[in-house]
Amino acid sequence: VPPTAPTKTIDKPVGQKILYEPTDKQILFHEAGEKIVLYGGAAGGGKSFSMLMDALRYCMHSDYRALIIRKSSPMLKELIGVSRQFYPKAFPGARYNKQESVWYFPTGATIEFGYLDKPEDLERYQGLPYAYIGFDEIQHQRTPEGFQYLMSRLRSANPAITCYMRASANPGGAPWVKEFFIDPAEHGETFWKDGLSYKFIPARLEDNP
């Protein structure tokens, strides 16, 4: 389903605090209907924050499982820190289990923070279904094997949940990311690969005032 045009004006609830007001480019990311989207470009464009908020999309469903991946466990600290600021406000009663690196929401939904560096790390995700999988700073993944494997984990039995894979990237890093996500089509255009829809959304520092 093609995304709709971003909304330029938002009617804000009177007397209520806005927890997250996305920029125009972040709106494009959230509205994208493609199965797999890479939001990539300049550091500081709001990409990682967008992914954290995007993962909340279906947390009202008890069987919703999301996974956010970085290359190593230490690299997750900043993401987890930001999630601690916002997730309990978005869903009062949400709690974070530090030992498991998992958010548990009052509905029963979960958002897990995981890492993927070596092939053996994939064993952590064998047999586990996820409705949302996000790779933050995917340019640190040296090969596409981990991303392609986790595509097989993307599923949900709940017809009310649409499954997505999302990724963010800064410039540089592994060449396969450019070849896989950026080269096949014009920026912002939908393209297809192995029956799945893809899109690359470019990020610039000036996109994020």
Result for the chain: accessible area per residue, probe 1.4 angstrom, in square angstrom, of 51 Å²
Rounded to the nearest 10 Å², the accessible area of ARG95 using a 1.4 Å probe with every protein chain kept is 140 Å²
When every protein chain stays in place and a 1.4 Å probe is rolled, HIS30, HIS187 sorted by accessible area with the largest first are HIS187, HIS30
Expressed in nanometres to one decimal, the distance between label points 7 Å along Cα→Cβ at GLU206 and LYS193 is 3.0 nm
In whole percent, the fraction of accessible protein surface over the chain that belongs to carbon or sulfur atoms, probe radius 1.4 Å, stands at 54 percent
Taking the alpha-carbon centre of each part, the distance from region 185-209 to region 128-179 in Å is 14 Å
Summing +1 per Lys or Arg and -1 per Asp or Glu among the other residues with Cβ less than 15 Å from TYR104's Cβ gives +1
With all protein chains in place and a 1.4 Å probe, ARG57 shows an accessible area in Å² (nearest 10) of 70 Å²
The chain, Gaussian network, Cα under 10 Å: of ASN158, ASN170, ASN97, the residue fluctuating most is ASN97
Taking 0.36 nm per residue of separation between ALA160 and GLN99 and subtracting their Cα-Cα distance, the length gained on full extension comes to 18.9 nm
Note on the chain: contact order normalised by length, alpha-carbon pairs under 8 Å, 6 or more apart, percent, works out to 30 percent
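Tell me the net charge near LEU205. Cut-off is 12 Å between Cβ atoms, LEU205 excluded, with +1 for each Lys or Arg and -1 for each Asp or Glu.
Numbers: positive: LYS25, LYS47, ARG204; negative: GLU206, ASP207.
Local net charge: +1.
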Relative contact order of region 38-149 (C-alpha contacts under 8 Å, at least 6 apart) in percent is 35 percent
Ranked output for segments 132-139, 20-27 by mean other Cβ atoms within 10 Å, highest leading, reads 132-139, 20-27
Heavy-atom accessible area of LEU196, protein chains in place, probe 1.4 angstrom, given in Å² to nearest 10, is 50 Å²
Of the listed pairs LYS17/LYS71; LYS35/LYS98; LYS89/LYS193; LYS35/LYS118; LYS47/LYS89, those with alpha carbons more than 28 Å apart are LYS17/LYS71; LYS35/LYS98; LYS89/LYS193
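The values are calculated or read from the model by the stated rules, or taken from the named source; none is laboratory data. Owing to the predicted nature of the structure, the values given are computational and were not obtained by experimental measurement. Note that we place each Cβ from the backbone using ideal geometry, even for glycine, and neighbour counts take in every protein chain shown. The protein model used for the area step is the full one, side chains on, heavy atoms only, and it has no ligands, DNA or RNA in it. Shrake-Rupley method; radii C 1.70, N 1.55, O 1.52, S 1.80 Å.
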